[in-house]
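Here is the structure we will look at, set down as structure tokens.
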Amino acid sequence: MRIYTVAEGDSIYSISNLFGTPASLIISDNELPDPVALAIGQSLLIRQPATVYVASEGDTASSVAERYGITTSQLWRKNPALGGRETIYAGEELVITENSMPSSPLVTNAYVYPFVDENVLRKTLPYLSYLTVFTYGIRNDGTLISPGNDAAEARIIALAREYGTRPLMMLSTLTEDGTFSNELAEYVLSTQDVRDAVIRNVADTVERLGYAGVDVDFEYINGGDAAAYAQFVADLNASLKARGDYAVWVALAPKSSDAQPGLLYEGHDYAALTSAADRALLMTYEWGYAFGPPQAVAPLDKVREVVRYAVTKADADKYLLGIPNYGYDWKLPYVKGVTEAEALSNVEAPRRAYLRRARIMFDEAAASPYYTYYQDGIEHEVWYEDARSAYAKAMLIADYDMFGAGIWNAMRFFAPLWLILDGTFEIVKYM
């Protein structure tokens, strides 16, 4: 597996000849909507398969996997173009093995909304150990606010199970108007009967719908509520464990010190929360965000600072590293309180660079691509994630021997991210 940066005069076919990799594979692995539209500075994932099989009439994903002694999930992961489907058409070229042989296990999780496109979900599930549905909220009486349509939620849970992926319920301090509330968090944590009702209702929902556990994400907690929050997670964990082998995870704001100021950070006591929960997701993204100034969404130097701090509070195998699956396009000049960046996919970002004749640059410290362009006389600045940034984060996970990766989010598919994780680690499946 290689990562190539497009230079002046390159074409898909010249790159194909350079590496001896079929142009069709480069196109599909990088989800190139127009293989002619390559931006200078764009990164391309280049795989060099060791074994390729040309499908015959009557082949299925299961039969091909059995022929080569691999699981169907492994076949799907090597061939994202299959979309997680059982049907294979005669003449399709399937990657069976690559030159690299990953051995270190990795647990993966990704977040989806209930309205996720089923085709995207099926394409993603082979790469996932867990899938978290975003999100249940809380009312003042301790009852829960459903993430949406019950039938859609049930369908996601059933699909996850079909692909050997464990579905997780998510619980957050989201109100009925769709915002995180520190007032709600304080009320729940300080009001015993409401607190107990939330724990009971979560446990009931996990059992009733067939979730494998719960991922807790209370954001903007007052510093004075840190101990109460950790105790809430511990009590929720004990309640679920009394009912069965359920997982309890907690999402952590990206801190780099105990005394880091700010409402986002002060209520998250890493030591207490990692002790209370089974695992913890480091929300290492949103340095660059819709209402902030232009910068990398997950700059590697900042992400590394969070990991360095986290492993002083618990063993590295307690943590999943948060990885973003999106970018932003800001109009300049940035005006605080006025500018709102446009979210865009990691597939759309380099295509936009090509259409605007922008040269993509790469910030080495942040390990993130960026570029600027003009439209209608207005300057724009774009930061996003590509194969290089995905690989840098995969190496950070490997360097610290972390438990897993948590992707925010899986509403869109980005093949290089998943192929890099699959090519670097052995993704854990539960089937």
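Read the figures in this text as sums done on the coordinates, not as results from a lab. Worth saying up front: this structure is predicted, and the values here are computed from it rather than measured. Positions of Cβ are generated from backbone atoms using ideal geometry, with glycine treated the same way; all protein chains shown enter the neighbour counts.
Please get the size of the charge dipole for the range 1-142, origin at its Cα centre, with Cβ charges of +1 on Lys and Arg and -1 on Asp and Glu, quoted in debye to the nearest 20.
Here the size comes out at about 400 debye.
Can you tell me the length gained on complete extension of the stretch residue 209 to residue 7, counting 0.36 nm per residue apart and subtracting the Cα distance?
Residue separation times 0.36 nm, minus the Cα-Cα distance, leaves 67.6 nm.
Write down the percent of antiparallel bridges among all DSSP beta bridges whose residues are both part of the range 105-427, to the nearest 5.
Given both bridge residues lie in the range 105-427, the antiparallel proportion sits at roughly 35 percent.
Note down the Stokes-Einstein diffusion coefficient of the range 2-98 in µm²/s, whole number, using a Kirkwood radius over alpha carbon pairs, 4 °C, and 1.567 mPa s.
91
Just want to confirm a number: the relative contact order over the range 2-98, from Cα pairs under 8 angstrom separated by 6+ residues, in percent.
Averaging sequence separation for qualifying contacts and normalising by length gives 30 percent for the range 2-98.
When averaged across all projection directions, what area in nm² does the alpha-carbon convex hull of the range 279-419 cover? All intermediate terms of the calculation are to be shown ahead of the outcome.
Details: hull surface 35.2 nm².
With the hull built on Cα positions only, its mean projection is 8.8 nm².
How far is helix 192-209 tilted off the main Cα axis of the chain, in degrees rounded to 10, range 0 to 90?
Long axis of 192-209 versus the principal axis of the chain: about 40 degrees.
Pick the calculated Cα extents along the principal axes in Å for this structure from (i) 81, 52, 39; (ii) 210, 85, 45; (iii) 67, 55, 39?
(iii)
List the residues of the range 368-396 whose backbone N lies under 18 Å from a point placed 7 Å from the Cα of residue 34 along the Cα-to-Cβ direction.
In the range 368-396, the label zone of residue 34 (backbone N under 18 Å from the point 7 Å along Cα→Cβ) covers 373-376.
Give me the percent relative contact order of the range 105-427, please, defined on Cα pairs under 8 angstrom at least 6 residues apart.
18
Quickly work out the residue 409-to-residue 243 label distance, labels modelled 7 Å from Cα along the C-beta direction, and quote it in nm with one decimal.
About 2.4 nm, to one decimal.
Lys/Arg Cβ at +1, Asp/Glu Cβ at -1, dipole of the range 105-427 taken about the Cα centre: which of 210, 418, 332 is farthest positive-ward?
Farthest along the dipole direction, towards plus: 418.
Which whole-number percent of Cα pairs in the range 302-362 have a distance greater than 19 Å?
Every Cα pair in the range 302-362 considered, those over 19 Å come to 56 percent.
Quick one: Karplus J couplings for the range 227-236, per residue in order, coefficients 6.51, -1.76, 1.60, θ = phi - 60°, nearest Hz, x for Gly and Pro?
Taking θ as phi minus 60°, the curve returns 5, 5, 5, 4, 5, 4, 5, 5, 5, 4 Hz for the range 227-236.
Given axes a ≥ b ≥ c from the Cα gyration tensor, I'd like to know whether the range 197-242 is rounded (a/c under 1.5), prolate (a/b larger than b/c) or oblate.
In terms of gyration-tensor shape, prolate.
Which value, in debye to the nearest 20, gives the size of the charge dipole of the chain about its Cα centre, when Lys and Arg are +1 and Asp and Glu are -1 at the Cβ?
Roughly 680 debye, rounded to the nearest 20.
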